Amino acid sequence: MATRVAAIDVGTNTVLLLVAEAGPRGAVVLAERAEITRLGRGVDASGRLDPAAIAETVGVLAGYAAEARALGVGAIDCVATSAARDAANGAEFFAAARTVAGLEPRIISGEEEARLVYASAWRDFGAPAGGAPGRLAVLDVGGGSTEFTFGRGPAPQGRRSLQVGAVRLTERHVREDPIGPATLATLRQAARAALAPLAFMGGGGAGRLVGVAGTVTTLAAVEQALPRYDGERVHGSPLSLVRLERLLARLAALPLAERARLPGMEPKRADVIVAGAVVVAEAMALTGFETLTVSDRGVRWGLVHELLGS
């Protein structure tokens, strides 16, 4: 088993890299990267990956693979999620990744994605200091899909993957700048309908809810008005539904150019952050949670722990 590994997560919106090695207390980070390439742009309407998006994403993968190999990793696991699952021409992306980056990405199901994210969240927020384990729920809002997972131990007891995300919802419903009340109401209605199965899984807000992925971490960074992203301040921070609703109203009312300049905002995420915030808010309301704990660790962390056997 390798003692230095890399995990790459190719999502609908973002490509993430984590390089880590085994340490006495778990994984030790050697490199962490995130690039928004929006591989899934237009997939919801066309059913196909855009050639320019494939080229941009594969270019980022080549850079990630080169960095990981320069650091002497013994294994690289590259996974693709919603966009690659949904696209009719996903094979074009995989062929380009093999040729340009020397990688063999593999598609993981929404259920596998949820399991990996849950395992990572349990390590950070689920293991009790003493006594019986409490209930942990994990909300992972991506660009194309949203996963909700829950359990009372390191393995989830239930999970659901739903076809709604920040990019998908934006492409379907947002046609104006700034986003007016009618469009915001439409976004809420669409998100609520897509997330309806969560009403039967939430447990009435019992236990702790952890929010994962770029939408949630960006909302936390903007809420804290961070001049630059700081994982130590974001990871583990609380975000209440009341504060989220206040932030959502503010983001929707701002023109895109102003939204992109907000402290804590990733400029390339500014166009989809309102829809993403709607998904988070509606998911919290449906599951009965008044507060979530923000995590900036997701699929890549679950993969690294498995590769290291930690």
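Values in this text are rule-based calculations from the coordinates and carry no lab data. These numbers come from a predicted model, not from an experiment. Here Cβ is always computed from backbone atoms with ideal geometry, including for glycine, and neighbour counts include all displayed protein chains.
Which of Gly236, Val222, Ala55 sits closest to the plus end of the dipole of the chain, meaning its Cα is farthest towards the positive end, when Lys and Arg get +1 and Asp and Glu get -1 on the C-beta? Positive-end residue among those listed: Gly236.
Rounded, prolate or oblate: which fits segment 175-221, taking a ≥ b ≥ c as square roots of the Cα gyration tensor eigenvalues, rounded meaning a/c under 1.5, else prolate when a/b beats b/c? In terms of gyration-tensor shape, oblate.
Temperature 25 °C, viscosity 0.890 mPa s: under these conditions the Stokes-Einstein estimate for segment 4-108, based on its Kirkwood radius over C-alpha pairs, is 178 µm² per second. Considering only segment 115-273, what is the antiparallel percent among its DSSP beta bridges, to the nearest 5? The answer is about 70 percent antiparallel.
Using Cβ point charges alone (K and R +1, D and E -1), the dipole size of the chain about the Cα centre works out to roughly 420 debye. Helical runs (DSSP H, four residues minimum) scored at -39500 (n - 2.57) apiece and divided by the length of the chain put the mean residue ellipticity at 222 nm at -12000 deg cm²/dmol.
Using the Cα coordinates of segment 82-155, the gyration tensor eigenvalues translate into equivalent-ellipsoid semi-axes of 33, 13, 8 Å, sorted from longest to shortest. Considering only the chain, what is the antiparallel percent among its DSSP beta bridges, to the nearest 5? Percent antiparallel among DSSP bridges in the chain is about 65.
Just so you know, the Cα atoms of segment 111-295 work out to an Rg and Dmax of 15.7, 52 Å. Basic side chains Lys and Arg get +1 at the Cβ, acidic Asp and Glu get -1 at the Cβ, and with that the dipole of segment 111-295 about its Cα centre reaches some 200 debye.
Less than 5 angstrom separates the built amide H of Gly158 from those of Phe150, all sequence-distant by 5 or more or on a different chain. Inter-label distance, Asp124 to Ala2: 2.2 nm, where each label sits 7 Å from its Cα along the C-beta direction. When the Gaussian network model of the chain links Cα atoms closer than 10 Å, the mean-square fluctuations of Gly214, Gly298, Gly180 top out at Gly180. Using the Cβ-Cβ distance between Ala95 and Ala206 with R0 set to 35 Å, the FRET efficiency from 1/(1 + (r/R0)^6) comes to roughly 0.15.
Around the Cα centre of segment 4-108, unit charges on the Cβ atoms of Lys, Arg, Asp and Glu (plus for the first two, minus for the last two) sum to a dipole of about 140 debye.
Top mean-square fluctuation among Thr81, Thr186, Thr37, Gaussian network model of the chain, C-alpha springs under 10 Å? Judging by the Gaussian network model, the answer is Thr186. With no solvent and one equal point scatterer per Cα, compute the Debye intensity ratio I(q)/I(0) for the chain at 0.09, 0.11, 0.12, 0.14 Å⁻¹ and report its log10, rounded to two decimals. Here log10 of I(q) over I(0) equals -0.41, -0.63, -0.76, -1.05.
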